[in-house]
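Structure first, commentary second.
The values are calculated or read from the model by the stated rules, or taken from the named source; none is laboratory data. Computed from a predicted model, the values in this text were never measured in an experiment. Quick reminder, even Gly has a Cβ in these numbers, built from the backbone with ideal geometry, and neighbours come from all protein chains shown. Side chains are part of the model used for accessible areas, which takes the heavy atoms of the whole protein and leaves out ligands, DNA and RNA. Shrake-Rupley method; radii C 1.70, N 1.55, O 1.52, S 1.80 Å.
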Amino acid sequence: MTRLAALLLFLCSTAGLSQTSIAPLSALPAFPTKASDLPLISREAVPTKPFSVLGPRGALLGQQDGSFEAWLFPWKIFSGMKITANMQDYAVPIDVNDHAAWIDVQPDATTITYSHANFTIRQIMIAPKESADQAGVLVFFQIESIRPMTLTFSLHPVMQRMWPAASDDVPSPEWVATGKESGYYVLHLNLPDNAAALAMPGAQSGILAPYQERASSWPLQFVLHYDPAKDGNKLFPLLMSFGSTEQTANKAALGDALTSLNQSAQSLFTKNEAYYRNLLATHTSIDTPDQKLNEAFTWAVAAIDQLRVKTTPDLKEEALTAGFVGSGDAARPGFGWFFGRDALWSLYAVNSYGDTSTFKSEIEFLLRRQGADGRMIHEWSQTADLVDWKSLPYEYASSDATPLLQMIVKDYFDITGDKDFVTSHWSQLELAWKYETSHDSSDGIYNNTVGSGWVESWIPSMPHQEIYLATLDAQASAAFANLARISGHDDLAAQADQRAQHLRQVIEQEYYLPQTSFYAFSHNEDGTTDNTPTIFPSVAWWDGTYKLKHAEPMLQQWASSEFSTDWGTRILSDKVSFYDPISYHQGSVWPLFTGWVSVAEYRAGHSLSAYAHLMQNADLTWSQDLGATTELLSGRFYQVLGRSTAHQLWSSAMVISPIMRGMFGVEWDVPHHTLTVTPHLPADWNTATIHHVPFGDSQLDLTFSREGQSLVVRATGPAATGLHLVSHIDGAKEDHGMLRLPLKPIEVYTGHELPSFGSETHQMKVLKEQYDDRSITLLLAAPALSAQSMSIRVNESRLRPHAENAELSTVFDGRSKLNVAFPAASGDVDGYVQKTVTIRW
């Protein structure tokens, strides 16, 4: 920022102070509000798209026209914040939100710029991560104008608890004067133990209907007279305080809280910058030739961290929420609750970037709510403590958190070697294991009878036992066997190992369908199967210890347009009779599913399709709520669903996990001081580095570099001493602290780009890639009569490759283009046709 003008601050807090009076509040000096060393997304504002500013105590959720609602968890304080301007000698009122022109998003702050010929206003919003004043959210308006003007800030007071807790009647605003032209509003409810207060130094009250007036819904307003000659380089703060007891919700205490917040505003802003600077500097990051991928990884770390919310009523716990988007007239901002399975799936990403604090606080949050029978919760509202939560159908609505617990704790142990954490929670792990193994079917597999597996609705009826839960059960059994050995329970470990082996055999017997070369969606109590082709079998590859035996044809189908759009994978085949591309469970695209499939493809040797799916998730970082990844999209057109939670926890996690565990192929074994690295890097990358890879109680850097006909992996840093580097790649050799991996003589690679909004799927799909000693065979699919291209890299200069069923351009500097012309469709074939291309040398 080259010139600082007036800044208008909007500041929220959840705690009052003990003083009993408030003097008129004064404007504050302006200060810089953009961190040049933090990531930045900067682009034209799209009024129909959302933004989210999230912190542990509050949220601002709005649209890119600048309107928003404010939450001080678990209360929605107001909604519909809008601005109008009346300029001197300019007899036309201006709707400022209609002039939203630009949006800048950084991890610590989001800025919307309003642009008019007479003025520029910047709305700068943050949600402090750390605050002695329990501050929830802050919004700054930087004001520059040619002529004096009057700005009116209008909002709809709500004072509503997050669902399902009951809320009082609509609030009753009272203006409390502290001077001739100053004061603050108190939002009263019928009972005296909850109230909020808002103040803006220098602003006067707006509409205040007298009691004689007919009842109507009036906005709450602050009216600010801005004169550029005297008001430049000032902060006009709009302050909000909240009281939740009679001692903190009275007018004097609320006013004292406003004073305290006014004094701490600049400190809160600078501390928030410092928090995100430290978060990104000390946790895992990547440095590759693809700058957008590097940024997507960083944004995913920030987006996950932003979803850590303090629990109520005592604010002593902090846990991951599932996601947020504006609530409209409702009392739930997107998901907004604490979800067991959402957090457990996402902790694989958290473990990957080394945030042990978040992992521990999340697991302990969940274990404190573990059922007496061992079950792990599915959902926990921010207001669960204020209602009879157990009487509602949400706590154990789904069953998968119980097996996921074993898997993620084992993953944490592999990465950290923290035996104490395992042993200190052994009784709870064992209790969950007993629950899992006592709620199985006659075949021994954990079933859906005490909660859904994945789907919450299905046609024609809900499943009895899903392959999703079955494969989790097998992986959880193997994970528990390891946890039992770690904690000295060898008999239980042997039982769990035996169970894991048994379940894998039963899954092959009961779920594999030779007639379609696919795996069934579910197994019924009467022994029949639901043969709907879905992506759920991909979960079998998740923890790296398991795979399905007959998966190759299924993997090819997942890569095809039958499942894969140009923006992610559908939940099921578009050939299914009940396929509905805008249905939650019967045809939409979830980045979560795309991440599952990408990891499975990387581990099963389908790296080109895996890369396409990974990059679809990464590129979604810039598609809706900038810096976050949305919940779900249409299965037909590239567009998010209207109800999609725009800042979704596991969607951001599915940027990180496929990168770390798929593309780079990192597997940890700290107890044996071993790191397995099985990279599948794009052929046009010469180097790549992963910084701050967690390993034990320290970190290391991994550098990948092409040297001749090898990819060399080097580990450096405190945790690299004595490290054993290994790989699943044939011919891998450890050499004086380095790992040499043989490169294929010729490699194929593709680009990545999301289509324009509204597009249908049209990009080429790589269904199969097979490398032999002197050839590569590719099974490709693309729209009929289309011309497509790929790139190849020749790693041995003496080779002279030639192509069958495609044209290969002249090799220059080891690179060449492979051009493929696809034939016309025939018969009842849809728009995509297949073609096999072979490159020989």
**OP:** Can you tell me how much longer the chain between ALA166 and ARG714 gets when fully stretched, taken as 0.36 nm per residue apart minus their C-alpha distance, in nm with one decimal?
**Re:** 191.5 nm
**OP:** Would you kindly derive the ³J(HN,Hα) couplings of segment 150-158 from the backbone phi angles with the Karplus curve 6.51 cos²θ - 1.76 cosθ + 1.60 (θ = phi - 60°), listing them in order in whole Hz, with x for Gly and Pro?
**Re:** 10, 9, 10, 9, 10, 8, 9, x, 10
Original post:
Among the chymotrypsin sites (Phe, Trp or Tyr not before Pro) within segment 533-586, which fall in a DSSP loop and have no more than 14 other Cβ atoms within 10 Å of their own Cβ?
Top reply: PHE578
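Hey, can you list the DSSP H helices of the chain whose Cα span along the axis is 27 Å or longer and whose average Kyte-Doolittle score is at least -0.5? Could the numbers behind the result be given before it?
Working: long enough: 251-282 (43 Å, -0.25); 467-486 (29 Å, 0.90); 490-511 (31 Å, -1.14).
Answer set is 251-282, 467-486.
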Subject >> Part-to-part distance (alpha-carbon centres) for segment 626-701 and segment 534-600, which is given in Å >> reply: 18
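Over the chain, what percent of the accessible surface lies on carbon and sulfur atoms, probe 1.4 Å? Don't skip to the answer; put the middle values down first.
Details: 15030 of 30720 Å².
Within the chain, the accessible surface is 49 percent carbon and sulfur.
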Subject >> Estimated FRET transfer efficiency when R0 is 51 angstrom, pair SER705-SER115 (beta carbons, to 0.05) >> reply: 0.65
**OP:** Please report the relative contact order for the chain, taking Cα pairs under 8 Å with a sequence separation of at least 6, and give it as a percent rounded to a whole number.
**Re:** 10
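Calculate how many DSSP beta bridges within the chain are antiparallel, expressed in % of all such bridges and rounded to the nearest 5. Write down the numbers at each step before the final one.
Working: 168 of 178 bridges.
Antiparallel: roughly 95 percent of the beta bridges in the chain.
Can you give me the accessible area per residue for the chain, using a 1.4 Å probe, in Å²? Walk me through the numbers before you get to the answer.
Working: 30720 Å² over 841 residues.
In whole numbers, the chain has 37 Å² accessible per residue.
Please identify every one of the GluC sites (Glu not before Pro) in segment 734-841 that sits in a loop by DSSP and has no more than 15 other beta carbons within 10 Å of its own beta carbon.
On the way: sites: GLU734, GLU747, GLU753, GLU760, GLU769, GLU796, GLU804, GLU807; in loops: GLU753, GLU760, GLU796.
Filter output for segment 734-841: GLU753, GLU760, GLU796.
For a Förster distance of 45 Å, can you work out the FRET efficiency between the beta-carbons of PHE31 and ALA397, rounded to the nearest 0.05? Provide the component values of the computation, followed by the final result.
Values: r = 47 Å, r/R0 = 1.04.
My answer for the efficiency is 0.45.
Step through the table entries LYS292/LYS765; LYS129/LYS360; LYS419/LYS549; LYS76/LYS129; LYS390/LYS410; LYS230/LYS271, compare each Cα-Cα distance with 24 Å, and write down the pairs that go over it. Before the final figure, lay out the partial values.
Numbers: LYS292/LYS765 22 Å; LYS129/LYS360 18 Å; LYS419/LYS549 33 Å; LYS76/LYS129 19 Å; LYS390/LYS410 29 Å; LYS230/LYS271 29 Å.
Pairs exceeding the cut-off: LYS419/LYS549; LYS390/LYS410; LYS230/LYS271.
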Original post:
What residues have an amide H closer than 5 Å to that of SER452, excluding those fewer than 5 places away on the same chain, when H is modeled at 1.01 Å from N in the peptide plane?
Top reply: SER398, SER399
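With n ≥ 4 as the cut-off for DSSP H runs, can you work out [θ] at 222 nm for the chain, using -39500 (n - 2.57) per run divided by the number of residues, rounded to the nearest 500? It would help to have the intermediate numbers written out before the result.
On the way: 14 runs with 197 residues, N = 841.
Calculated at 222 nm, the ellipticity per residue is -7500 deg cm²/dmol.
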**OP:** Report, for segment 696-841, the % of DSSP beta bridges that are antiparallel, rounded to 5.
**Re:** 100
**OP:** For LEU138, list long-range residues whose amide hydrogen, built 1.01 Å from N in the peptide plane, is under 5 Å from its own amide hydrogen.
**Re:** CYS12, ILE126, ALA127
Original post:
To the nearest Å, what is the center-to-center distance of segment 780-827 and segment 189-233, using C-alpha atoms only?
Top reply: 67
**OP:** Please report how far the C-alpha centroid of segment 342-384 lies from that of segment 394-413, rounded to the nearest whole angstrom.
**Re:** 8
